[in-house]
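Asker: I am attaching a structure below and will ask some questions about it afterwards.
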Amino acid sequence: MPEPILTPGDLLARFQALDGFLLQHQALWRPRPFHHLQLPWEVELPELASWLRSRSLEQAEASDNNPFALAAPSPFPDLARQAQTLSLLGKMPDIHSPPRTHALSVDVPGRKLAQIQAFANHLQFRRRPQHWLDWCSGKGHLGRWLTEADQRLTCLEYDPTLIESGSAMSTRLGLDATHVQQDILADDCKTRLQKEHTPVALHACGDLHVRLLQLASRNGCTQLAVAPCCYNRIATLRYQPLSAAAQASALQLSRDDLGLPLSETVTAGARVRRQRNQSMAWRLAFDLLQRQLRDIDEYLPTPSLPSDWFSKPFSSFCHDLAELRDVSSPGEQDWPALEAQGWQRLADVRNLELLRNLFRRPLELWLLLDRALYLQEQ
């Protein structure tokens, strides 16, 4: 039988179980393989490390989004079982929303439309919303999709271009919609939420969706629906827990830690995968080079680079990146050998990440339950 959806009474128990699991094994999921030539846990688990490093890049990619099925040495299978058990959730009831006119889907990108439809088809409220508030609305596609003829809509957005475009769409559809320019993080935003609002947010990153939870609670909103994302988009260096249970936890999360739930590979075409792999392999090769040139055995972060950087010869890439990061000139190197080392490192990194990836979903649920417990406390 499917696992039931967590009831309010289950939230704390599941949170505490996840908290214990993440704390106990933090030495396995905190270090990022991309940043280390050897991970600290490899000394303690040499058989598992050797097995993972023996695998190819293609094998790693085949296992990336389902590492739980991997027949790896101990303790991988046991950790996988624990992670799956702790991450088990029932499927939310599919509430088929009323049919929408084709006009509502005009100018909405296909993938975004699918996300909006999925969001709408799982919304359950104790009372029918009278006034939707689309938080970080963009053009207001979500709010318009939810709003029926006798309902009002307010869209809060910072970008005036998106406001202008969204307002024109709402007017064209004859909706009772108001599009407001608002900095969500500004102090005056607290006046925008009223008791009668039903706030909704899809893709409100980090601090933006946390701000909604806090203001909606303080201002007496009785219902809301949020799909959190990008937990690492925060102003502070460390995560600020919301609930009493998370505040009492010994688990202290950095921005890097908060990026783990976002690391799942999205299905992409062969060309995009090749470009992504080349970017990572060249960066990993440059990492080996910069350690040698700087005589410092530590990772040197590199910024996001335009795609044309990866159209130039590998040697030019390294020379240009060294200049960008104020590293001494590489001079002449065995460029084919260095590039090959980068590709081998990429295979190692991707395979070593399979252990870390077991903790993606448990950490995401820890963060989600922190939010749920916070709302329960309010």
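Asker: Output the antiparallel fraction of DSSP beta bridges having both residues in the chain, as a percent to the nearest 5.
Answerer: Roughly 5 percent of the beta bridges in the chain run antiparallel, per DSSP.
Asker: Top to bottom by accessible area (1.4 Å), largest first, where do M280, M92, M169 land?
Answerer: M92, M280, M169
Asker: Also: Relative to 2.2 N^0.38 Å, what does the C-alpha radius of gyration of the chain come to as a ratio? Two decimals please.
Answerer: Dividing the Cα Rg of the chain by 2.2 N^0.38 Å gives 1.13.
Asker: Any idea what diffusion coefficient the stretch 11-63 gets from Stokes-Einstein, in µm²/s, Kirkwood Rh on alpha carbon pairs, 10 °C, 1.306 mPa s?
Answerer: Stokes-Einstein gives a translational diffusion coefficient of 120 µm²/s.
Asker: Let me ask you something else. Give me the accessible area per residue for the chain, probe 1.4 Å, as a whole number in Å².
Answerer: Per-residue value: 51 Å².
Asker: Give the Rg/Rh ratio for the stretch 1-143, taking Rg as the radius of gyration of the Cα atoms and Rh as the Kirkwood radius, to two decimals.
Answerer: 1.09
Asker: Related question: Test of understanding: extend the Cα→C-beta vector of L173 to 7 Å, then name every residue of the stretch 92-111 with backbone N under 11 Å from that spot.
Answerer: Answer for this model: 100-108.
Asker: In addition: Taking the full set of protein chains and a 1.4 angstrom probe, give the accessible area of C221 in square angstrom, rounded to the nearest 10.
Answerer: For C221, solvent-accessible area is about 20 Å².
Asker: For an R0 of 51 angstrom, estimate the FRET efficiency from the Cβ-Cβ distance between D64 and R126 and round to the nearest 0.05.
Answerer: In this case the efficiency is close to 0.80.
Asker: Between L12 and Y158, what length comes free when the chain is fully extended (0.36 nm per residue of separation minus the Cα-Cα distance, one decimal in nm)?
Answerer: Contour length minus Cα-Cα distance gives 49.0 nm.
Asker: Let me ask something else about it. Once amide H atoms are built 1.01 Å from N in the peptide plane, which residues 5 or more positions from H131, or in another chain, come under 5 Å H to H?
Answerer: Here the answer is R152, T198, since their amide H atoms fall under 5 Å of that of H131.
Asker: Please report, in Å, the Rg and the Dmax of the stretch 288-378, where both are computed over Cα atoms only.
Answerer: Cα only, the stretch 288-378: 19.7, 63 Å (Rg, Dmax).
Asker: Related question: Taking a quarter of the surface of the convex hull around the Cα atoms of the stretch 95-217, what do you get in nm²?
Answerer: So the Cα hull casts an average projection of 7.4 nm².
Asker: Okay, moving on. Report, by chain and number, residues whose modeled amide H sits under 5 Å from the one on C136, excluding near sequence neighbours (fewer than 5 apart, same chain).
Answerer: L156
Asker: Compare the Cα positions of S54, Q117, L89 along the charge dipole of the chain (+1 at Cβ of Lys, Arg; -1 at Cβ of Asp, Glu; about the Cα centre) and return the one farthest towards the positive end.
Answerer: Comparing the listed Cα positions along the dipole, Q117 ranks first.
The values are calculated or read from the model by the stated rules, or taken from the named source; none is laboratory data. These numbers come from a predicted model, not from an experiment. For neighbour counting, all protein chains shown are included, and Cβ atoms are generated from backbone atoms with ideal geometry for every residue, glycine included. Keep in mind that these areas ignore ligands, DNA and RNA; they rest on the heavy atoms of the full protein, side chains included. Shrake-Rupley method; radii C 1.70, N 1.55, O 1.52, S 1.80 Å.
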